[in-house]
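Readers should treat all values here as calculations from the given coordinates under stated rules, not as data from a laboratory. This one's a predicted model, so the numbers in the text were calculated from it and none came from an experiment. Note that we place each Cβ from the backbone using ideal geometry, even for glycine, and neighbour counts take in every protein chain shown.
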Amino acid sequence: MKLPMLSADDKLAEIRRLYFQTTKQTIQSDLTKALDLLKSMPSEEERERATVYMEGLAEMYKDWLRSVGSAKSKIKRERKK
């Protein structure tokens, strides 16, 4: 299967789409895809345009990772009782 070459605008649009459609279940793979797209952008100017979405994805990942960790801690505390 031949993969299409994406323009910088297409890559930015895909990163934006990932940002708005990511879920707790897909955040890790979505963040990986977004990073791959970001790394493939040839200029710093193009990468800067994606910054807000990348920062948002990273923040969601940290928040959801924190919530998973606190849920596991709560379960462990409940089991000890």
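In nm, give the distance between the simple-model label positions of residue 29 and residue 67, each being 7 Å from the Cα along the Cα-to-Cβ direction.
It works out to 2.0 nm between the two label points.
How much FRET efficiency would the formula 1/(1 + (r/R0)^6) give for residue 49 and residue 21, where r is the Cβ-Cβ distance and R0 is 25 Å, rounded to 0.05?
0.85
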